[in-house]
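Single-structure report; data block below.
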Amino acid sequence: HSRNLDVSLEGDEDLEVETDGSLLRTIITNLIDNAVKYSSVGGRVSVCVTRENDFCRLSISDTGPGIPLEERSSVFQRFYRIDSLHTEGSGLGLAIVADIAERLSVKIEMATPDWGSGLRVDLHIPQNV
């Protein structure tokens with residue numbers, strides 16, 4: 001069934017990082033899958049890549065319910081699930097993301113997107129690892 005999502009990719013298309021591409025792809029795929037899964041019908045998912053000093057910043061924003069501030073650190077624990085979301089899944093996705101991010105020296109931050117609701121996940125990826 002169609003979700004009618006507006007999906008966009010913005011930023012520096014030529015930005016490159018030296019890292020394990022397969023592991024980084026796992027992080028990005030997991031986060032984009034979550035953004036699509038939790039966005040409301042007719043919602044929006046945005047992926048933006050920019051350079052910040054010695055880092056690449058990859059931001060994935062959605063129009064889903066977001067994650068309350070008090071739960072943002074907990075969602076990276078294995079099997080942790082936000083009770084109010086009532087969705088399928090094992091609660092392992094973000095734990096896997098956190099494990100890989102640590103291995104790649106990628107810093108993860110969560111915020112509210114500029115449009116005022118939903119979730120933005122920022123990955124700060126070192127340019128040269």
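What is the distance in Å between the Cα centroid of the stretch 39-56 and that of the stretch 3-23? Answer, in whole Å: 8. Computed about the Cα centre, the dipole magnitude for the chain is approximately 440 debye when only Lys and Arg (+1) and Asp and Glu (-1) carry charge, each at its Cβ. Pop the C-beta distance of Ile96 and Glu70 into the FRET formula with R0 = 22 Å and round what comes out to the nearest 0.05. My answer for the efficiency is 0.45.
Surface analysis of the chain yields an accessible area of 59 Å² per residue, using protein heavy atoms and a 1.4 Å probe. Overall, the accessible surface of the chain at a probe of 1.4 angstrom is composed of carbon and sulfur to the extent of 48 percent. Just to be sure I understand: of the beta bridges DSSP finds with both ends in the chain, what percent are antiparallel, rounded to 5? Counting DSSP beta bridges with both partners in the chain, the antiparallel share is about 75 percent.
The values are calculated or read from the model by the stated rules, or taken from the named source; none is laboratory data. Owing to the predicted nature of the structure, the values given are computational and were not obtained by experimental measurement. Note: ideal-geometry Cβ built from the backbone for every residue, glycine included; neighbour counts use all protein chains shown. Protein only, heavy atoms only, side chains kept; ligands, DNA and RNA dropped before computing areas. Shrake-Rupley method; radii C 1.70, N 1.55, O 1.52, S 1.80 Å.
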